[in-house]
1. Quick check on my filter: what residues within region A:68-81 are outside any loop (DSSP other than H, G, I, E, B) and touching a residue at least 60 places away in the same chain (Cβ under 8 Å)?
2. Given the conditions (1) of a type in the set (Gly, Ala, Ser); (2) closer than 23 Å to B:Ser223 by Cβ; (3) touching a helix residue (DSSP H, G or I) at 6+ places or on another chain (Cβ under 6 Å), which single one is not true for B:Gly307?
3. Quick one: B:Met83 ticks every box in (1) of a type outside the set (Asp, Glu); (2) in contact with a Gly (Cβ under 6 Å, 6 or more places away or on another chain); (3) at the interface with chain A (Cβ under 10 Å from one of its Cβ atoms); (4) more than 20 Å from B:Cys187 (Cβ to Cβ) bar one, so which box is it?
4. With touching a strand residue (DSSP E or B) at 6+ places or on another chain (Cβ under 7 Å), assigned to a loop (DSSP other than H, G, I, E, B) and within 14 Å of chain B (Cβ to nearest Cβ) as the only criterion, which of A:Leu65, A:Leu121 stands out?
5. Among the residues that make up region A:235-250, is at least one of them part of a helix (DSSP H, G or I), surrounded by fewer than 21 Cβ atoms within 10 Å (Cβ to Cβ) and either away from every other protein chain (no Cβ under 14 Å) or free of Cβ contacts under 8 Å to residues at least 60 places away in the same chain (or both)?
6. Of all residues in region B:135-153, which are touching a helix residue (DSSP H, G or I) at 6+ places or on another chain (Cβ under 9 Å) and assigned to a helix (DSSP H, G or I)?
7. Hey, among B:Ala126, B:Ala156, which residue is among the aliphatic types (A, V, I, L, M) and either within 14 Å of chain A (Cβ to nearest Cβ) or in a loop (DSSP other than H, G, I, E, B) (or both)?
There are 2 protein chains.
Amino acid sequence: MGTGESSVSRRAVLGAAGAGLVVGGVAGAAGGYGAGSADSSSDDQTVPFRGDHQAGITTAAQDRLHFAAFDVVTDSRDELVDMLKRWTVAAERMTRGEETVEDGALGLGDYAPPADTGEALGLSPAHLTLTIGFGPGLFGPSASDPGRPDRFGIGARKPAALADLPAFAAEKIEPSRSFGDICIQACADDPQVAVHAVRNLARIGVGVVSVRWSQLGFGRTSSTTRGQDTPRNMFGFKDGTANVRAEDTAVLDEQVWVAEKDNPPAAQWMTGGTYLVARRIRMDIEPWDRANLKEQETIVGRTKGEGAPIGKESEFDEPDFNITSYGAPMIARTAHVRLAHPDQNNGAQILRRGYNFTDGSDGFGHLDAGLFFIAFNRDSFKQFVPMQHQLSRKDAMTEYLIPNASANFAVPPGVQDGEWWGQHLFS
Amino acid sequence: MGTGESSVSRRAVLGAAGAGLVVGGVAGAAGGYGAGSADSSSDDQTVPFRGDHQAGITTAAQDRLHFAAFDVVTDSRDELVDMLKRWTVAAERMTRGEETVEDGALGLGDYAPPADTGEALGLSPAHLTLTIGFGPGLFGPSASDPGRPDRFGIGARKPAALADLPAFAAEKIEPSRSFGDICIQACADDPQVAVHAVRNLARIGVGVVSVRWSQLGFGRTSSTTRGQDTPRNMFGFKDGTANVRAEDTAVLDEQVWVAEKDNPPAAQWMTGGTYLVARRIRMDIEPWDRANLKEQETIVGRTKGEGAPIGKESEFDEPDFNITSYGAPMIARTAHVRLAHPDQNNGAQILRRGYNFTDGSDGFGHLDAGLFFIAFNRDSFKQFVPMQHQLSRKDAMTEYLIPNASANFAVPPGVQDGEWWGQHLFS
C-alpha cells in the first residue's frame, strides 16, 4: 500500500495549507494543494496498513504505545458497522501520516468543526500501526459481565478461545482498567502520533463507543524482529530476549496465527488472526531496588548486565536448566526464565510486545511504574493462561509484581484492499 | 563540563561489564574497564550540568518530560544536606549518560543491592537535563501548609517571591498533585532516561524525601531556542510561538533571571536563579473538538494551520490588536493571544516549557489529556500571577480548561565546579 495517489502527508498538507492561509489572511481559505506533493521522506516511516495479518503484531516494535479499550455504548449493529468502516478509512490515512479525512484540520470551512484534531499536523507517520481487537462482551455474556445481551447478533460467531482471562494468584485486578468490547493498540515512534490516532478514533466513535481505559507506554521491553536490541524493563533487566520473532514464520504459524482448523465455520472470520493478552503489571520497584544483585539475578535467571542465562556467557545462549553448582540447579527452580520457557510449558510460546509505564505517583511516595504486558498467541487459554498459572504460583518474581489490569481480545486477520475492520465478522 | 576523565558512558560500561561477565560466568565479576573508553557518540547528546544557570531552563526543549515533586520527610538538616550532595553527584553523572555511581548496576558485588537501577544501561544521555527547585514549605509555613515549622532553620533565607500561588478563577486544584518541598524537572529525548533519573534520585533520597506527585509529558509545546519548530498542543494549535528564547539574553535578564537587587542579603542565594510555575491543565478536548474552526481560531487568536495572528500571514508576524473588521477587533477581546501578550500585561513575559500529557481515561469515557504547563519567570507574583488572573477571568479558552494542579518553586542558579545543589542556601 504505502502512499497512493490520494496520499498527502500531514507535512505536505500543512505547507500547502499554510500557503493557502497567506492568501486568505485568516484560515479557512485552504484547500487547494497538489495531490502529487506527497512528502517522500515520510514514506520511510510508513508501515503498510493492509495485508494478510494486521500490522502492529510482528512489526518491528516502535518505541511508544497508546493502548485504548472501548465500551460499545450503542445497541445498533448498523451504527457499530458504520463506525468500523469510518475507523478503517481514518486509521489507514493516519498510518500514512495523513489527517483522518482530507483537509480535515483546516479545509472543511470556517463554520464546521475540524474533522481532524490537528495536533499531529507537521509530524511524520512515525511508523504508526493501529491494531484492532474485539473483546468477549461484544458477543454477549462474558465472565466480567454475565448479563450482557448479544446486542449485535454475533453470539454464534464467537470463537471458543475468546473469553475473559481467569483469576490468577497474587493479582489485584481493577475492572475499571480491564476488559472492554474493542481495543486499539497504537504504536509509533512519536507518542503524539499514537495519542492523536487513538483520540481521533474515539472522536469518530462518539455515540457508538466510549473510552473505557487507556494506557501509555514507552521503552518497549521486547524485540519482535531480529536485529532490534533487547530493551530493559523497570527492573533494569533485558526483557524479551527469547521472544518469538517476525522472521520465525513456522513458529508464528504454530504459536500465533489462528488456523482454519481452530474454529467451526461460524468463527472462520478469525483465521489468520490472533489473540491479544493485555496485563498492566505494577512493579514494586522500591523493594526490588533493595534486593542485592545476586538475588535479582537468581529471580530472573539471567545476568543483569549481559542478560545471559545463569551459567552461560551471552544473551542469546540457550539456558541450560540441568547444570548444577554444589548440587543445586544454577538456574533456580523459581527463576522466571525457567518457568516461562517453552520446555516448561509443553512447548507453548507467546509473541510479546510489552511497554514500560510510569503513571505518576501512587499517593504513598512511590512511583506507579511497571510493565504494560502485551502478548499475542494462537489461543490464550492454551498458551498464556497455563504459563501464567505456573508463573503466578511459583515465580520468585511474583513477590515484586502486582498485576492490576487484564484483558483478552480477538484480533482479526488483516484487511485486504477495499475491506474494513471486522467485515468478516459482521457480514 | 561534558565528559571528563571519569566519564564512561552507560553504553561503554555495559560493553565492558558484559566482557567481565564472560569470564565469571555469572555476574558480579565486572569492574575493570578502560576509563578512556567513553563512547564519543554520546558526547553529542550531553547537555553540560554545571554553569551560571541550571540546565533545563533555556536548553533547547527536549521531547520528553518527567517532573516530580517531593515532600521532605526528615526533620534533620544534616540528612537533607547529605542527600542534596549525593543527588548532585548522581545527577551530574546521569546527565553524562553514566550510572548514578561508577559500576552502580553491576560492579558493587553480588551481595549488595545495585546502586543504579539499571534500566538506562545501554541508552545514550539523550540530552538529559535535571533541574532542581525548592518549594515554600521547605522554609516553614506556607499557604498550603500554614502550620509547617521551619525544620531546617532557613526561614529567614526565604525569598519574598517564593509562596504558593493564589487561587484563580475556574480551577480545581487537587492538593495531592500540587505543591511540594523540592521539585526535579527531568527532560530528555528518551522517556526511559528521564524516568530512570527521577527514579534513581527518589531512591537515593529514601528516608529523606518521598515522591509527592509526578507527571510525564511528551511533545513539548514551546520552542525555547530559535530554529526549533513550534510544536502543537492537544487543541491542535501551535503553542509557544511568541516564547522567550535562549538567544534573547536581554529579555532573560529582565524577565527570567533573579537579580541581586531583587532580594535582601539573606536571600542572595537566589541571584541568577528563577521561579518555576507548574500547572497541570486538563483540556476539555471533546467539547473543543465540537467547536467549529472559526470559533477555535477566534478563541486562540491565531490560525490553526500556519499559526499566524488573525489578520496576519505568518506565524512569526507580530499580532496587531488594533485592526478591525466591520468595526470589531479582528483579534477578539477574549482571545488568548491578546490577553497573554506582554502589551496587555505591563510588558511581563514568561519563559514557557510546557509538555502535553495523556494520563489514561477519566472514568467517564474521555481521555485525561492536556497541557503540563511549566514557565520560568523572575517573580511569579509580578509576571505569571497577574497574567493568569487576567486569563482565568477573560480568556475564552478558559471554558475548555480545567487547571487541577499548581506549584511554585524557587530554582537556584547553576552549580559551579565542586558545588552541590542548594549549597548557597544551606551554607
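1. Passing the criteria: A:Ala68, A:Ala69, A:Phe70, A:Asp71, A:Val72, A:Arg77, A:Glu79, A:Leu80, A:Val81.
2. Only one criterion in (1) of a type in the set (Gly, Ala, Ser); (2) closer than 23 Å to B:Ser223 by Cβ; (3) touching a helix residue (DSSP H, G or I) at 6+ places or on another chain (Cβ under 6 Å) is unmet by B:Gly307, namely (3).
3. With respect to (1) of a type outside the set (Asp, Glu); (2) in contact with a Gly (Cβ under 6 Å, 6 or more places away or on another chain); (3) at the interface with chain A (Cβ under 10 Å from one of its Cβ atoms); (4) more than 20 Å from B:Cys187 (Cβ to Cβ), B:Met83 is out only on (3).
4. Checking each option against the conditions leaves just A:Leu121.
5. Scanning region A:235-250 turns up at least one residue that is part of a helix (DSSP H, G or I), surrounded by fewer than 21 Cβ atoms within 10 Å (Cβ to Cβ) and either away from every other protein chain (no Cβ under 14 Å) or free of Cβ contacts under 8 Å to residues at least 60 places away in the same chain (or both).
6. Answer for region B:135-153, where residues must be touching a helix residue (DSSP H, G or I) at 6+ places or on another chain (Cβ under 9 Å) and assigned to a helix (DSSP H, G or I): B:Leu138, B:Phe139.
7. Selected residue: B:Ala126, the only one of B:Ala126, B:Ala156 that is among the aliphatic types (A, V, I, L, M) and either within 14 Å of chain A (Cβ to nearest Cβ) or in a loop (DSSP other than H, G, I, E, B) (or both).
Yes/no per residue for (1) in contact (Cβ under 8 Å) with a residue 40 or more places away in the chain; (2) on the phi > 0 side of the Ramachandran plot:
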| position | (1), (2) |
| --- | --- |
| B:Arg93 | no, no |
| B:Leu106 | yes, no |
| B:Gly109 | yes, yes |
| B:Leu128 | yes, no |
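The values are calculated or read from the model by the stated rules, or taken from the named source; none is laboratory data. Remember, predicted model here, so these are calculated numbers, not experimental data. Quick reminder, even Gly has a Cβ in these numbers, built from the backbone with ideal geometry, and neighbours come from all protein chains shown.
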